[in-house]
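Participant: My structure is below; once you've seen it, I'll send some questions.
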Amino acid sequence: MNRRTLAISEAVGCVVIYAAAVFLHFFYPLSGGSPLSILYGAVNESVWEHLKIFTAGYIGYALLQLCWLRVPFKRYVAAKCAGLYALMIGMVGFNYLYTAFTGRNIPAVDVISSAVIVILAQLLSYVLMTGYDRIGDYFAPALMLLLLYYLMFFSFTIFPPKVGLFRDPVSGGFGLFAD
C-alpha cells in the first residue's frame, strides 16, 4: 500500500464526498421523486436526510477507492466502517450540540461543520489504515456494522421512527411523507 497515494486519495475524497452530498441534496426534487432518489437523495430537511446524503457519498467514494487502490481488503473495510460511523456520530452530535445552544440551525454552521466532519472521517480512516496494524482484526464486526447501517439507510426514509432526528423542521412531518 502506497501511503502517499492513499493520502491523496483521501484528500480528494473530501471534495468528492461533499460535492456528492450537494448533488444528492437536490436529487429528489430534480428527479421528480424517482425511487433511486428516495433512497439516496434528501426527501426533506431533517437531520437524518442530511446525514443520509453525506454517508451515501462517503460509501460511494469508498467503493470507487477500493476499485482503484491496492489496499488490504479487510483493513480497508474496517477503517472505512470506522470513518463512516465517525461521520454519522460527528454530524448528529455536533448538530444537536450547537442547536442546543443556539436554539436553531444556522446554515453557515451546517455547511462548515459538515465539511470539517467529512475531513475528520477521511483522516480517521487514513490513520487506521496506515497506523493501526490490527485494524483488519475488526473486519467481521465492521461487516456487521455495515449491514446494520444499510438496514437503517434503506428503511428509515420510508418508515422513519417518530423522533426528532427524522422530523422535517419545515413541515413537521417525518420521512418521505413529511409534506
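Coordinate-derived values only; no laboratory data. Treat the numbers as computed from the prediction; the structure is a model and nothing was measured. All Cβ positions, glycine included, derive from the backbone under ideal geometry; neighbour counts span all protein chains shown.
Participant: Using only Cα atoms, find the angle between the long axis of helix 47-68 and the longest principal axis of the chain, and express it within 0 to 90 degrees, rounded to the nearest 10.
Facilitator: 30 degrees
Participant: Let me ask something else about it. For 171, 37, 46, what's the fewest-to-most ordering of other Cβ within 10 Å of each Cβ?
Facilitator: 171, 37, 46
Participant: What is the range 3-177 by shape, rounded, prolate or oblate, if you read a ≥ b ≥ c off the alpha carbon gyration tensor as root eigenvalues and call it rounded for a/c under 1.5, prolate for a/b larger than b/c, and oblate otherwise?
Facilitator: prolate
Participant: Measure nothing but the geometry: give the 0 to 90° angle between the long axis through the Cα atoms of 139-155 and the longest principal axis through the Cα atoms of the chain, rounded to 10°.
Facilitator: 20 degrees
Participant: Which ³J(HN,Hα) values in Hz, rounded to whole numbers, follow from the phi angles of the range 163-172 under the Karplus curve 6.51 cos²θ - 1.76 cosθ + 1.60, where θ = phi - 60° and Gly and Pro get x?
Facilitator: 10, x, 4, 9, 7, 6, x, 7, 9, x
Participant: Of 142, 84, 59, which is farthest along the charge dipole of the chain in the positive direction, counting Lys and Arg as +1 and Asp and Glu as -1 at C-beta?
Facilitator: The residue sitting farthest along the positive end of the dipole is 142.
Participant: While we're on this one: Apply 1/(1 + (r/R0)^6) to the Cβ-Cβ distance of residue 170 and residue 101, taking R0 = 22 Å, and write down the FRET efficiency to the nearest 0.05.
Facilitator: 0.50
Participant: Using a Förster radius of 22 Å, what is the FRET efficiency between residue 108 and residue 22 based on their Cβ-Cβ separation? Nearest 0.05, please.
Facilitator: After rounding to 0.05, the efficiency reads 0.90.
Participant: Place a +1 charge on the Cβ of each Lys and Arg in the range 3-177 and a -1 charge on the Cβ of each Asp and Glu, then give the dipole magnitude about the Cα centre in debye, rounded to the nearest 20.
Facilitator: Computed about the Cα centre, the dipole is about 380 debye.
Participant: Simple spin-label model, 7 Å along Cα-to-Cβ: residue 15 to residue 137 in nm?
Facilitator: 3.8 nm
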